[in-house]
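Following: one structure in C-alpha cells, then a few remarks.
Only the coordinates and a few stated rules stand behind these numbers; no lab work does. Since this is a predicted model, take the numbers as computed values, not measurements. Virtual Cβ from ideal backbone geometry, glycine too; neighbours counted across all protein chains shown.
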There are 4 protein chains.
Amino acid sequence: MLEYTTTEEVMFFDTDCGGVVHNLAYLRMIETCRTKLAEKMGMNLQSMSKTQQFPVLVSTEIQYKKPAVLGDKIKTIGKLTQIKGAKFWCSFEMVDEQTQTLLITCTQSLALVQMPKGKPLRLPAHLRELVTNKT
Amino acid sequence: MLEYTTTEEVMFFDTDCGGVVHNLAYLRMIETCRTKLAEKMGMNLQSMSKTQQFPVLVSTEIQYKKPAVLGDKIKTIGKLTQIKGAKFWCSFEMVDEQTQTLLITCTQSLALVQMPKGKPLRLPAHLRELVTNKT
Amino acid sequence: MLEYTTTEEVMFFDTDCGGVVHNLAYLRMIETCRTKLAEKMGMNLQSMSKTQQFPVLVSTEIQYKKPAVLGDKIKTIGKLTQIKGAKFWCSFEMVDEQTQTLLITCTQSLALVQMPKGKPLRLPAHLRELVTNKT
Amino acid sequence: MLEYTTTEEVMFFDTDCGGVVHNLAYLRMIETCRTKLAEKMGMNLQSMSKTQQFPVLVSTEIQYKKPAVLGDKIKTIGKLTQIKGAKFWCSFEMVDEQTQTLLITCTQSLALVQMPKGKPLRLPAHLRELVTNKT
C-alpha cells in the first residue's frame, strides 16, 4: 500500500476574509501531498523537468466538510487507490492535527504523459502491487 | 435562467513548468465567474463583509479535458442549476475563446451561511425561478 | 510614453482573515498590468512560449499604503520608466477606482532573457523613445 | 538575535512556463518564514484571529538573483533587524539547500496593528534586545 502524509500550518495566504481557509489552499496542500506520493511511485521531481514526463491531473472531486482557521495544523493523508494503463487514482483526507476533525475528503485521477505533446505513457506494471483497492 | 460569462487571458502565474495552465488557476477563474453569478443572485460582495453572510463552497467536481497555454483567452460560462434550502448548485464550462475547444467542465455546490458560526441561511424563494434545471 | 491600465475587482481569493486584500494579490494584479505593458513593447505572450524569450523579474520595491477590501475595484496604472541594455524598469500605482485612494506604489526592474540558459537579450533601440524618464 | 529558517521543496504550483520558480512563490515562502519569526516575537497565529491584532506588511524590497527549479529545496533564513514604535524590519536570504547558491535577498517592514481600524500598536520594549542591528 502506498501512502504519504504531509502537515502544514495555516498561514495568512491560506485564509480569506470569511475568516477561514480558502478553498484553493486545501487543493494546494493536496498537490504537495500528491507530488510526494507520485515520487514514491518513481516520478522524481528533479528528473521530470529533463524527461518532460509529467503526471497531469485529469479530475478532482473534493468535499469541504469543516473549515480550518489561521494557525491550525492540517494533516493531509494521500493514498494510491487504483492504476490502469497511463492513469492512476489517489484519495485524500485532511484532518485537523489537534482535534482530529475531518476537514476535507478528495479523490483525484491523473495520467502520466510525455510533454509537450501530452502523449499518455503506460505506468510500470509493478506499481499495481501498491494500490489500496486492487480491482 | 441565470448565467454569467467571464474571460481571462492566461498569465505567467497561471502556468507551470509543464508548459500549460496549472490546475489551480482554472479554479481561481471559476471562482471569479461564480462570485459574479452569486452577485446576480443578490449576494453582493461589498455588503457581505458587513453582513458576514457568505456563500461557502461545499463541493467541487472538475474535469481537465484539454490544456490551455500562456496568452490563451479562456471563456468561463457559469450557470445556476439548482437551489434547495440553503444550498445551490452551479455548473461551469471553460472554452478557448479562439478555437472554442472545451477545456474544463465543473460543477460546484455551495451553501449560504452566516459567519463566523457557519449557520445555514435559507435562500430566497424567488431564486428558484432562475435555475436551469427545475426539479 | 508607454502606459497600461488594468482594473480588477477584489475577489475572496485576494483577501485574508485580516479582512483586507493580501499582499501577494496586489503583486499578481501588477503582473497582469506589467505583462500587458510588455506586450506593447513587443513581447507577445503567445510567441514567448515558442521563442523562449521571456521578460524576467530582477527586483521589486512595493509600498503598501492603504488596504483594499472585498468587492473594491482596483485600478493598476503601469508605466515604462527606463531602458538600458537588456534591462527595463516599470513603475505602478494602484488606486481604488471609486474613491481614488492611493493603495500601492511599486517599481520593478526586469531583463529580457533567452531561456532556458537565461542569456540577456538587448532590447530594441526604438523602445528607448517610449520611456517616461529619459536619462 | 532573532532568526528563523524554513525549508520548502519547489512544487509545480511554484513554477511557471519559463521553467523556473515564479516570482510570487518566493514571497509566499518568505511569508511563512516571516510568520514563524513573528511568532517568536510573541505574535501567536491562533490568538491573532481572536485579538484581531495583526502584523501588516508596509513594504517589500526583493532581488531575484538566481532562479530555482522544480524539486529544488529552498532554505529561507529570516532575521529581525530593527524595531521602532509599532514598526519592525526583517531581512531574508533564500539559498538552494544543495548548492548553497544565493537565490533571493529581501527586506520587509511591518507594523503591528489593531484591525479592523488599522490602529498601530507599540511593540513591547523587550523585543528591542532581539534585533540584529541595534541602532
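Data for the structure
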read-out: Value of [θ]222 nm, deg cm²/dmol, for chain C, DSSP H segments ≥ 4, -39500 (n - 2.57) each, nearest 500; value: -6000 deg cm²/dmol
read-out: Fewest-first sequence of B:MET1, B:MET41 by Cβ atoms within 10 Å of each Cβ; value: B:MET1, B:MET41
read-out: Nearest-ten-degree value, helix A:23-40 long axis tilted from longest Cα axis of chain A; value: 40
read-out: For B:CYS17, distant residues with modelled amide H under 5 Å away; value: D:THR15, D:ASP16
read-out: Residues whose placed amide H lies under 5 Å from that of D:LYS65, excluding near-sequence neighbours; value: D:ILE104, D:THR105
read-out: Over region B:3-130, relative contact order from alpha-carbon pairs under 8 Å, at least 6 apart, %; value: 28
read-out: Rg/Rg_ref, region D:16-91, where Rg_ref = 2.2 N^0.38 Å and atoms are Cα; value: 1.29
read-out: Per-bin percent of Cα-Cα distances, region B:4-132 [10 Å]; value: 13, 41, 29, 16, 2
read-out: Nitroxide proxy distance, nm - points 7 Å out along Cα→Cβ at C:GLN52 and C:MET1; value: 3.9
read-out: Inter-part distance where region D:68-135 and region A:31-57 are each reduced to a Cα centre, Å; value: 32
read-out: Sorted by Cβ neighbour density within 10 Å, fewest at the top, the residues C:ILE62, A:ILE30; value: A:ILE30, C:ILE62
read-out: When the protein assembly as shown is reduced to its Cα atoms, the Kirkwood hydrodynamic radius in Å; value: 24.3
read-out: For D:ALA125, inter-copy label distances in nm, listed shortest first [label point 7 Å out on the Cα-Cβ vector]; value: 6.5, 6.6, 7.7
read-out: For region A:1-65: relative contact order, % (alpha-carbon pairs under 8 angstrom, 6 or more apart); value: 29
read-out: Using a 7 Å Cα-to-Cβ projection, A:GLN53 label spacings across copies, nm, ascending; value: 3.5, 5.5, 5.5
read-out: Summed side-chain charge close to C:GLN53 - residues other than C:GLN53 whose Cβ falls under 15 Å, Lys, Arg +1, Asp, Glu -1; value: +3
read-out: B:THR105, A:THR99 arranged by Cβ crowding within 10 Å, fewest neighbours leading; value: A:THR99, B:THR105
